[in-house]
Amino acid sequence: MTATQPTALCAEEAWCAAILHAAGCLTCRTSGAVCERGEALLAVYAEAVRQARSGDDW
């Protein structure tokens with residue numbers, strides 16, 4: 001495995017967690033509403049993508 005593969009897997013897992021949450025969350029599916037949990041999951045995903053792109057592992 002290369003150094004970026006584990007982080008890329010983390011990004012994929014974070015994306016799946018965000019999507020699964022949004023699919024079941026009425027607040028996430030409501031236009032203009034803010035879901036703290038959904039926002040937090042997207043922030044984790046964004047950080048994982050940044051890490052994967054930079055080649056750093058957590």
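Suppose the chain between E13 and A43 were pulled fully straight at 0.36 nm per residue; how much longer would it get relative to their current alpha carbon spacing?
On the way: separation 30, 0.36 × 30 = 10.80 nm, distance 1.30 nm.
Between E13 and A43, full extension yields an extra 9.5 nm.
So if each residue of separation counts as 0.36 nm, and I subtract the Cα-Cα distance between R29 and R50, what length gain in nm does that give?
Length gained between R29 and R50: 5.0 nm.
For the range 11-58, what is the accessible area per residue in Å², given a 1.4 Å probe and the full set of protein chains?
72 Å²
Which order, highest average first, do 44-53, 15-24, 31-40 follow once you tally other Cβ atoms within 10 Å for each residue and take the mean per peptide?
Per-residue Cβ counts within 10 Å, averaged per peptide and sorted highest first, yield 44-53, 15-24, 31-40.
The values are calculated or read from the model by the stated rules, or taken from the named source; none is laboratory data. Predicted, not measured: the structure shown is a model, and the values here were computed from it. As a convention, Cβ positions derive from the backbone with ideal geometry for all residues, glycine included, and neighbour counts pool all protein chains shown. For the accessible areas, the whole protein counts, side chains as well, though only heavy atoms, and no ligand, DNA or RNA atoms are used. Shrake-Rupley method; radii C 1.70, N 1.55, O 1.52, S 1.80 Å.
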